[in-house]
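The values are calculated or read from the model by the stated rules, or taken from the named source; none is laboratory data. Just so it is clear, the model here is predicted, and its values are computed rather than measured. Positions of Cβ are generated from backbone atoms using ideal geometry, with glycine treated the same way; all protein chains shown enter the neighbour counts.
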Amino acid sequence: MAISPSIGGGVRIRTNSQDSKYYKSRVADIDEQCLYVDVPVDPITGKEFEVHVDESVVVEYTVSETEVYRYTAHIQGLSYIPTPAIRLDHPAHATDLERIQRREFFRISLDVPVTVACERLGKEVTVQSIDISGGGIAVMAKSVIDLRVNDAVKISLVLPYIQYNLRTTCQVVRVQTETNGMTTLSMRFIDISERERDQVIRYTFMRQRALRR
């Protein structure tokens, strides 16, 4: 029997499982046939997800603090309950429902300076973090920077609250130039010790608990 999400639970929507870009949403309702989620938005720009009926999307949702699931669903249409919600296939009907690691899912907002050094460019720049998880970090630069997808970079930052100096290597997985001229970068950790990752996860859980108060 499939493990279903709860109403109000967090949901992420991706266009495919390899895409680092995701849209945030929550479960608005659920019945035996469908999962209804609020129209997802880009957590960085606030732009709404473009809904195309019959297209497939990857749905990721939480069941508990330790359980996160992923499956592929078809967009069946829009419903109003009473606000607009995307109608998706129920996870019980999915053939690829899988449990994923929590660190791949949970991201928390982070607003601190980050030093990014790229050996290919032979220089380093200071950018501002957007969010972080046990799997990677997103940052924003105030101008266009010459980083490319697959570039390896070294980053350095201080995690607040726990005052941990994080220095590790990342791979750039997404580069996007915004209309305001800023550049957003999504990066995954590729050379991080388990001790360092544990500190990042510790920070995300601390912030999650603080935000719930």
So which residues in the stretch 20-49 are aromatic (F, W, Y), under 15 Å from the mean Cα position of the chain (by Cα) and either more than 28 Å from T179 (Cα to Cα) or assigned to a loop (DSSP other than H, G, I, E, B) (or both), if there are any at all?
Y22, F49
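Here's the yes/no breakdown for (1) in contact with a Pro (Cβ under 7 Å, 6 or more places away or on another chain); (2) surrounded by 15 or more Cβ atoms within 10 Å (Cβ to Cβ); (3) closer than 26 Å to V144 by Cβ; (4) not assigned by TED's automatic domain parsing to the domain that holds G135:
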| position | (1), (2), (3), (4) |
| --- | --- |
| Q163 | no, no, no, no |
| R167 | no, no, yes, no |
| V175 | no, yes, yes, no |
| N180 | no, no, yes, no |
| T184 | no, yes, yes, no |
| F189 | no, yes, yes, no |
| E196 | no, yes, no, no |
| T204 | no, yes, no, no |
For a quick check of your reading: which strands (runs of 3 or more DSSP E) sit entirely within the stretch 50-139 and have at least 3 residues that are hydrophobic (A, V, I, L, M, F, W, C) and in the same structural domain as L185 (by TED's automatic domain parsing)?
113-118, 123-132
Top-ranked residue in the stretch 127-153 [being of a type in the set (S, T, Y) and at pLDDT 85 or above; ranked as surrounded by the fewest Cβ atoms within 10 Å (Cβ to Cβ)]
S129
